[in-house]
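The values are calculated or read from the model by the stated rules, or taken from the named source; none is laboratory data. In this text the structure is predicted, and so the values were computed from the model without any measurement. Cβ placement follows ideal geometry from the backbone for every residue including glycine, while neighbour counts extend to all protein chains displayed. Accessible surface areas use protein heavy atoms only, side chains included; no ligands, DNA or RNA. Shrake-Rupley method; radii C 1.70, N 1.55, O 1.52, S 1.80 Å.
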Amino acid sequence: MRAYREKIKRPHLYQLRELALAFTFCGGFIDAYTFTERGGTLAAGQTGNIIFFGTDIAKHDLPGLTTKIATFLAYILGLIVVTTIALKVKSKYKRIFCILPIMFISLVVGFVPTSVPNVFVVPFLAFGIAMQTIAFNKIEGLGYRNTVSTGNLQKAVIAWTKYFVNHDSSQTRAASNYLLLVISFICGAIVSALLDNYFGIHTIWIAASLLVIINFCYGLMVYHRDNFYPGEKL
């Protein structure tokens, strides 16, 4: 209980390392799922979708092209919505509400058969995951993305290089955090791909279940923080 109280006393509760790693695991999990089960489109990796977009044009793949355009636009819409919430909503629980879309969409998608065109599936996931990545965008004061890995990998390598070359011990925290984020994303993708062999389109229910647990735990911490230490930054 004492350790728990010490944890929720930290400033900016949403920046906890445990939350960042959990959300990043889910990010890798969902991207691997949509790539495997939903037509080779990424819900979060819009850079990848742009590359695939070009490939679809070259191959005259109209369904794939349409799905990627819709996914790209849905991701942008998600960013707009979550930014608006951040600017306008003052509730201490606003980040919880930002996770609800991806949580419920992941649950529903597990029921949608592959016969349904992907344009009616992946864009909704992109919308929800965009909200997730902005609502939880820092780990212990450091900016990161929980739905992609390239930026985190770059920051990890730079921080570790500064540590080993310049013997700059101030870089160890950043280096460790970013490295763990990369590993977490990779693990999420691998677990998703492995489970897909057994559960197929229902694999995403695992991500939905994890998001429910994460959101509940975060909500509980916010509630206890508000009662034990009112006025602290969440």
Amide H partners (placed H, <5 Å) of Ile139, local residues excluded: Tyr144
Here are some pairs, Lys7/Lys138; Lys68/Lys92; Lys94/Lys162; which of them have Cα atoms lying more than 26 Å apart in this structure? Lys68/Lys92; Lys94/Lys162
With labels modelled as points extended 7 Å from the Cα through the Cβ direction, what inter-label distance (nm, one decimal) is found for Lys9 paired with Leu73? 5.2 nm
Starting from the Cα of Thr84, step 7 Å along the direction of its Cβ; do the same at Phe104; then give the gap between the two resulting points in nm. 1.6 nm
Helix 204-228: angle to the longest alpha-carbon principal axis of the chain, degrees 0 to 90, nearest 10? 20 degrees
Please turn the phi angles of segment 3-10 into ³J(HN,Hα) values with the Karplus equation 6.51 cos²θ - 1.76 cosθ + 1.60 (θ = phi - 60°), one per residue in order, whole Hz, x for glycine and proline. 5, 5, 5, 5, 5, 6, 7, 5
Can you send over the carbon and sulfur percentage of the accessible area for segment 110-177, probe radius 1.4 Å, protein chains only? 63 percent
